[in-house]
1. Give the residues of segment 136-164 that are open to solvent by less than 10 Å² (accessible area, probe 1.4 Å) and within 16 Å of M87 (Cα to Cα), sorted by residue number.
2. May I ask you to list pairs of residues, at least six apart or on different chains, whose Cβ atoms are under 6 Å apart, with the first in segment 1-18 being farther than 19 Å from G83 by Cβ and the second being part of a loop (DSSP other than H, G, I, E, B) and among the polar types (S, T, N, Q)?
3. Return the total of residues in segment 161-204 being of a type in the set (D, E) and either at positive phi or assigned to a strand (DSSP E or B) (or both).
4. Residues to consider are G112, G68; find the one that is more than 20 Å from L145 (Cα to Cα), in contact with a Ser or Thr (Cβ under 9 Å, 6 or more places away or on another chain) and either open to solvent by less than 50 Å² (accessible area, probe 1.4 Å) or among the hydroxyl-bearing types (S, T, Y) (or both).
5. Go through (1) surrounded by fewer than 19 Cβ atoms within 10 Å (Cβ to Cβ); (2) in contact with a helix residue (DSSP H, G or I) (Cβ under 7 Å, 6 or more places away or on another chain); (3) not basic (K, R) one by one and return the number of the condition F126 breaks.
6. Out of everything in segment 49-97 that is β-branched (V, I, T) and within 12 Å of the chain's Cα centre (by Cα), what residue ends up being farthest from V130 (Cα to Cα)?
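The values are calculated or read from the model by the stated rules, or taken from the named source; none is laboratory data. Just so we're clear, the structure is a prediction, and the values are computed from it rather than from any experiment. As a convention, Cβ positions derive from the backbone with ideal geometry for all residues, glycine included, and neighbour counts pool all protein chains shown. Each accessible area value is taken on the protein alone, full model and side chains, heavy atoms only, with ligands, DNA and RNA left out. Shrake-Rupley method; radii C 1.70, N 1.55, O 1.52, S 1.80 Å.
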Amino acid sequence: MSFVPQGTVYGVLLNFKAEAEALAPQMSLPPYKAPPQAPVLYVKTANTWSPHGSTVTLPRDAAQVEVGATIAMVIGAQGSVAGHVLMNDFSLPHASFFRPPVKYKCVDGFLGIGPALRVGGDPSGFSLEVRINGETRHTADFSQLVRSAPQLLADVNAFMTLAPGDVLMLGCNAGRPMAQAGDRIEIVAPGFETLRNTLVQEAA
């Protein structure tokens, strides 16, 4: 049976150095006026969860979707990390990375979830690549995080309690690729079982 989250799934923004550097000029503009001092989180609601191997439906008025490949921590007992899992944080294209609208991030099926939990391993040594129809279109090196996995977990726990079964993504690298209906998307990472999903268009 494929891995299924047992709690709340949280995404995090601006946690790759390349993404933070690219958006740094915007952080000083109103209404923000300064870089965020704490992790910027959002929730991927249960209606978004798509297991490995399933199809993901694009809304009929959406020509493309943004592929957000990442690795997530699964919380265990007493705040420990039970393991890690691949995720594909799909999103409709949008301009705001600080307050992403729910309607763009929480479309039905917009979170591909890896087939299995990986126990152990140092997240700073993780890497992944995104293949669309067999072609490598994106990579991420998790040694390039703004907040390392332990620091991210500590900073989140400083203002909220993560329960066993909750899932906390480590973030998505800059340059997320776009995909469209008919595309087969694979997220491949050493030590992880590959996550595969296929995009289809909603019927008119």
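1. A140, F142, A149, listed by residue number.
2. Between residues of segment 1-18 that are farther than 19 Å from G83 by Cβ and residues that are part of a loop (DSSP other than H, G, I, E, B) and among the polar types (S, T, N, Q), the close pairs are F16/N173.
3. Qualifying residue count for the region: 1.
4. Values: G68 fails: more than 20 Å from L145 (Cα to Cα).
Just one listed residue meets the conditions, G112.
5. Going through (1) surrounded by fewer than 19 Cβ atoms within 10 Å (Cβ to Cβ); (2) in contact with a helix residue (DSSP H, G or I) (Cβ under 7 Å, 6 or more places away or on another chain); (3) not basic (K, R) one by one, F126 breaks only (1).
6. Looking at residues that are β-branched (V, I, T) and within 12 Å of the chain's Cα centre (by Cα), I get V85.
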